[in-house]
Amino acid sequence: MCGILAVLGSTLPVEQLRELVKSCTKKLYHRGPDEEQYFVSEDGWCGLGFARLKIVDPEHGAQPMFNDERTVWSVTNGELYNHEEIREKELDRMTLHSHSDCEVVIPLYEKYVATQLYDHDIQYLYNLLRGVFASCVVDLKRGFFMAGRDPIGVRALFYGTSKDGAVWFASEAKAIVDVCDYVTAFIPGTFIKGYRGREQENSFTRYYEPVFWNDNWMPVSPVDYQLLHDTFVLSCKRRLMSDVPVGVFISGGLDSSLVASVAKRLLGPHYEFHSFACGLEGAPDVAAAQKVADFLGTKHHVLTFTVEEGIKALDDVIYHLETYDVTTVRASTPMYLLSGLCKKYVKVVLSGEGADEIFGGYLYFHNAPNETAFHQETVRRVKLLYTADVLRGDRATAAQSLELRVPFLDRDFLDVAMSIHPHEKVTCKNRIEKYIIRYAFSKEFCGEVYLPDDILWRQKEQFSDGVGYSWIDGLKAYCEKAVTDQDMQNASQRFPHDTPTTKEAYVYRVLFEKHFGKSRAVQGLRESIARWVPMWSDSTDPSGRAQRVHVAAYSNGEQ
């Protein structure tokens, strides 16, 4: 986890640009408090900033990185889990400056892209990488740059333009919204390239195009439980690459508990594996997480918070999230609070984001009208992860200087899981959501006990519900008092774009505008925000309890 900043084509004097790069990078300090480094080219065409959280090769691996001639520079926030394989198979074990996984980016650029600068060569480079990344490469000799983001957008990246013709890239919008005239989220699975003097003459080009990305494609493969099992184990193994301690979030639900179980087996019995859970007093997730921790033998830590503490944190949470989406704010607040405890023990933490999107685990999927609609909704959810759960995971942890890793979103695992016929995934009265991934790790199939049965087969709880039902209820009650009916009547005048329709949404929007509303580039940021709303539902409330199949569903008057 790090913070990157890049600017190409600024007309500012070199010293002024250097100070601006430093001040913008410092707004990303929480993402990388261990080390800050900067580079500005002699002619002022390129400026790079990097805030580092030291994970792999802590003693070396400083960024910005450069080639021996210092003509090619790069900043990369990422974890390239196959960097050893790349060093051996693609780079012939050439000598590099460090053992950092991110150092392979420049030699790959020089081998495959630098000569012709063709789009298909850039696509080939990014498709070699197995991991998550937000990266920018600058070739001073050729007057060329390229930037790319991982397939699902696990690592945050924003793109901006300024009136002087410059382009900007940053891990978070807050670093550049005051210097740009337009800022938007960098589309996952794409890259941008540009040239000196034509910096803004570019567009997003897709490099990640799996078959399931096509809206008209329908998977036909039956589930291969062994392949599903083995590919997920490999994904977890990849995400244990670290030179610092690794821990795990355990909500007590299937997804994070399965990640914890597989990781614990891979790390071995002598590894001090820390696990973390949070909730209100008496929360269902806390009790379930304790059961998982006891079963696995982790060193478990629990944060018990109050509704009042959560409400007090909302201002900071929305600043770090850079969104006002109700679902994201609800779920991010407990995660932000828990991350504050987590960072006392580890720098890297595993989590279960992505499983519900891949397997149709949200309870509203019970209402899917047919298998085609079910599959198409899983694809839509995967594509939008960077606006919701992945955004939450990155920002809530980065705010506390933690690195989050999500095994379910490994691109090889996605290829397997998203190619399974939707008939195998569809939920019904006699089949619980996410059945196939549960069964792949059941004793009945694999002969081993990964989790207690009441955890392996536990019904889906959305994180903002599982931390305690009083959390959402308390938020609604607070917002009901904070916002008047007159405020809601005038909401469209105060917020003409994406007008809030509930008092809770109104409160979050006010806090968002407090932090970013006066920035020159805020409208592009607003337009990149997507609301998380369930499909096929009578309720627009994103809580899992708004779905009738939930064991603690709202009564008609509660929504």
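Summary of values
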quantity	calculated
Subset of region 500-535 [open to solvent by 40 Å² or more (accessible area, probe 1.4 Å) and part of a loop (DSSP other than H, G, I, E, B)]	Thr501, Thr502, Lys518, Arg520, Arg531, Val533, Met535
Lone unmet requirement of (1) open to solvent by 10 Å² or more (accessible area, probe 1.4 Å); (2) in contact (Cβ under 8 Å) with a residue 12 or more places away in the chain; (3) in contact with a helix residue (DSSP H, G or I) (Cβ under 9 Å, 6 or more places away or on another chain) for Phe408	(1)
Residues being part of a loop (DSSP other than H, G, I, E, B) and β-branched (Val, Ile, Thr) - total across region 41-75	3
Residue in region 441-458 that is at pLDDT below 95 and crowded, with 23+ Cβ neighbours inside 10 Å present	no
Residue in region 355-363 that is in contact (Cβ under 8 Å) with a residue 40 or more places away in the chain, open to solvent by 10 Å² or more (accessible area, probe 1.4 Å), within 14 Å of the chain's Cα centre (by Cα) and under 30 Å from His423 (Cβ atoms) present	no
Scan of region 19-40 for residues that are buried (at least 17 other Cβ atoms within 10 Å of the Cβ) and not in a strand (DSSP E or B), ordered by number	Leu20, Val21, Cys24, Thr25, Lys27, Leu28, His30, Arg31, Gly32
In region 1-22, the residues that are in contact with a strand residue (DSSP E or B) (Cβ under 7 Å, 6 or more places away or on another chain) and of a type outside the set (A, V, I, L, M)	Cys2, Gly3, Gly9, Ser10, Arg18, Lys22
Any hit, region 408-419, residues being at pLDDT 95 or above and over 26 Å from the mean Cα position of the chain (by Cα)	no
Flag if Tyr345 is of a type in the set (Phe, Trp, Tyr), touching a residue at least 24 places away in the same chain (Cβ under 8 Å) and either buried (at least 24 other Cβ atoms within 10 Å of the Cβ) or farther than 26 Å from Lys264 by Cβ (or both)	no
Output for region 364-399, where each listed residue is open to solvent by less than 10 Å² (accessible area, probe 1.4 Å), closer than 11 Å to Trp536 by Cα and in contact with a Ser or Thr (Cβ under 7 Å, 6 or more places away or on another chain)	Tyr364, Phe365
Meets criteria (touching a Cys at 6+ places or on another chain (Cβ under 7 Å), in a strand (DSSP E or B) and small (Gly, Ala, Ser)) for Gly194	no
Residues of region 173-212 that turn out to be free of Cβ contacts under 8 Å to residues at least 60 places away in the same chain and open to solvent by less than 50 Å² (accessible area, probe 1.4 Å), as a count	5
Wholly within region 227-314, strands (runs of 3 or more DSSP E) carrying at least 1 residues that are under 25 Å from the mean Cα position of the chain (by Cα) and surrounded by 21 or more Cβ atoms within 10 Å (Cβ to Cβ)	246-249, 274-279
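The values are calculated or read from the model by the stated rules, or taken from the named source; none is laboratory data. What you are looking at is a predicted structure, and each value in this text was computed from that prediction instead of being measured. No Cβ is skipped: glycine too gets one built from the backbone with ideal geometry, and neighbour counts run over all protein chains shown. Only protein heavy atoms, including side chains, enter the accessible area calculation; ligands, DNA and RNA are left aside. Shrake-Rupley method; radii C 1.70, N 1.55, O 1.52, S 1.80 Å.
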